[in-house]
Amino acid sequence: MKAPKADGFVSPVAGEPLRDAGAHWVSEPSGVKFPLIGGVPWLTPDPQRALADWQARADGLIAHFADRIAEMKGGIAEAKGGGGSALTRERLGKHRSLLIRHHEFLKDLLAPLKLKGKLNAPQATAFGYRLPANQGLLGYFQNLIRDWALSTGENEAQLEVLKKAVEPGAVLGRLAVLGSGGGRLAYDLHRSGLATETIALDINPVLVLTAQRILSGRAVSLVEFPVAPRSLAAVAETRECKAPQPVGDGFHQVFADCYHLPFADGSLDSVLTPWLIDILPRPLENLVGEINRVLKPGGAWLNTGSLNFQLRDLTKCYSVEETRELIDAGGFRVETLAQDDIPYLRSDLSGHGRIETVTTFRARKTADAAARARPDTRPEWLRDTMRPVPATQILQASRVVFDVQAYVLGLVDGRRSLDAIALLVSQRYGMPEDNAREAVVNFFARQDEDAIFQR
Ligand SMILES: C[S@@+](CC[C@H](N)C(=O)[O-])C[C@H]1O[C@@H](n2cnc3c(N)ncnc32)[C@H](O)[C@@H]1O
């Protein structure tokens, strides 16, 4: 896989041309530096801030696993000391040794982020930048294993439903795959010869850097921790991830944010959004305008994946009919739309596995959408750090929430029970004791879950 060339991209904020300056690309004339991380251009707006965000999260993740590995050592010693059976010791031992391997893998993989190693896990969570807030480093780790190690037929089924949406005889030309994740669908599509150039882009360094190794022809050993292990032996397992064939010329990866695409207006023949549009934090219309901007007149937008919008604003949690209407209104004509049931994230190690209805469409760009300006939706006071921070309702509300949480966490002294904490909370906030107990139990349960899942 050859490195991408800077002249195929533009700065994701101002649309300025980029020049290759060796260790980074630089936008001209403004001089913003876009670093190359593990050989992959980092083309997000405010690249230093975005990088600092991921560095902080990576620091937190690495520290979290170090704590967990130490904790498990204690658990194993306890089991040996009579607190557990031989099977429990075996399970913990296997889990821990593979966790150590996973930890080592992540440290090595994320080294190009130049981890500062100064923050402990809670500090990293509290002070790290958030971009984008709902995406954790390991959020889609299983996708990498599904993409490159398992033979469940999922990759083939996915490619097949997508190919049905490609116009017969058409080529995809210069194609960008937004939210490419582990990269398999982008790879399969590129290998199928439909695209002359494929740019796979994503914001998650774990996914992009691992895919980069695999797509460069390396075999990468990843540890799978199944959601619901079928047996003791299935608690964790290593998986050899490898591309079946070299990806060939014209395939590139970049770090980029789908709301700020690093492409000039009208410079792409096609865009693919696989399993992306419903997991994003902003209403779909934000993405429609940006995809419209980068496509040539007559260019194709292909989409495949679930349609399960989970936004707080229910008016934006669109059905398939509303999705189609919105895209048609955004300078496109939806030419095909199909729904298929396909297997999703099934693993022989896990008792969990899904069948998902995927919505696959092809929309043709028929007009320039009204809003072609590059969206920098951040308020003025966030862009200009000299301005006063306004006391918005959201910030005030967060303050109250953090005050309550800080008070509750401050009550943890290693001696008080949940009941004792709930009693103090009920007195302080004038709540009935039962309600306070329920709230306190939920709060600590959530902390516990967050520690497990949101890394
Ligand atoms: C549900 S996963 C799908 C991954 C892959 N397309 C697949 O089908 O396996 C969503 C992907 O979108 C990426 N993503 C989330 N927000 C993004 C953003 N703002 N810009 C680019 N990628 C994003 C995530 O990192 C993740 O890889």
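Calculated on the alpha-carbon coordinates, the convex hull of the chain measures out at 172 cubic angstrom per residue.
Size of the range 380-453: Rg and Dmax of its alpha carbons, in Å, are 16.2, 47. Averaging over all projection directions, the Cα-based convex hull of the range 141-365 occupies 11.9 nm² in the image plane.
Listed values for the range 222-227 are Karplus-derived 3J(HN,Hα) couplings in whole Hz (6.51 cos²θ - 1.76 cosθ + 1.60, θ = phi - 60°), namely 10, 9, 9, 10, x, 4, and x replaces Gly and Pro. Amide H contacts of GLU197 (H built 1.01 Å from N, in plane; Pro and chain starts excluded): ARG174, LEU175 sit under 5 Å, all sequence-distant by 5 or more or on other chains. For the pairs LYS5/LYS107; LYS73/LYS94; LYS296/LYS365; LYS5/LYS33, note any where the Cα-Cα span goes beyond 18 Å. Pairs exceeding the cut-off: LYS5/LYS107. Rounding to the nearest 10 and keeping the result within 0 to 90°, find how far the Cα-based axis of helix 205-215 lies from the longest principal axis of the chain. Approximately 60 degrees, to the nearest ten.
Run the simple label-point estimate for ALA445 and ASP328 please: 7 Å along Cα→C-beta, distance reported in nm. Here the answer is 4.4 nm between the modelled labels.
When the helices of the chain are scored as -39500 (n - 2.57) per DSSP H run of n ≥ 4 and the total is divided over every residue, the value at 222 nm lands at -12500 deg cm²/dmol. Given a Förster distance of 41 angstrom, what is the FRET efficiency for ARG312 paired with SER216, based on the Cβ-Cβ distance and rounded to 0.05? Efficiency for this residue pair is about 0.55. Taking amide H as placed 1.01 Å from N in the peptide plane, the amide H of GLY248 sits under 5 Å from none that are at least 5 places away or on another chain.
Report note on the peptides 140-150, 214-224, 304-314: ranked by the mean count of other C-beta atoms within 10 Å, highest first, their order is 140-150, 214-224, 304-314. When the charge dipole of the range 190-279 is built from unit charges on Cβ atoms (+1 for Lys and Arg, -1 for Asp and Glu) and taken about the Cα centre, the candidate among CYS258, SER270, LEU215 whose Cα reaches farthest toward its positive end is LEU215. Multiplying the residue separation of GLU321 and GLN245 by 0.36 nm and removing their Cα-Cα distance gives an extension gain of 23.5 nm. With a simple spin-label model that places each label point 7 Å from the Cα along the Cα-to-Cβ direction, the separation between ASP341 and GLU71 comes to 3.9 nm.
How much net charge surrounds LEU268 when only other residues with a Cβ under 11 Å from its Cβ are counted (Lys, Arg +1; Asp, Glu -1)? Summing Lys/Arg as +1 and Asp/Glu as -1 gives +1. Counting charges near LEU92 (Lys, Arg +1; Asp, Glu -1) among other residues having Cβ under 13 Å from its Cβ returns a value of +4. Near the amide H of ILE37, under 5 Å away, which other amide H atoms are found, from residues 5 or more places off or on another chain, if H is placed in the peptide plane? Here TRP42 satisfy the definition. Of the residues GLN310, VAL389, LEU36, the one whose Cα sits farthest toward the positive end of the charge dipole of the chain, with +1 on the Cβ of Lys and Arg and -1 on the Cβ of Asp and Glu, is LEU36. Distance from the Cα centroid of the range 166-193 to that of the range 259-312 is 14 Å (rounded to whole angstrom).
Scalar couplings 3J(HN,Hα) for the range 31-47, obtained by applying the Karplus form with A = 6.51, B = -1.76, C = 1.60 to θ = phi - 60°, are x, 6, 9, 10, x, 9, 10, x, x, 9, x, 9, 10, 8, x, 6, x Hz; x denotes Gly and Pro. Full extension of the chain between HIS352 and LYS94 yields a length gain of 90.8 nm, computed as 0.36 nm times the residue separation minus the alpha carbon distance.
Dipole magnitude for the chain: about 1100 debye, using +1 per Lys or Arg Cβ and -1 per Asp or Glu Cβ, origin at the Cα centre.
Only the coordinates and a few stated rules stand behind these numbers; no lab work does. As the structure is a prediction and not an experimental result, all values here were calculated from the model. Cβ: placed from backbone, ideal geometry, glycine included. Neighbour counts: every protein chain shown.
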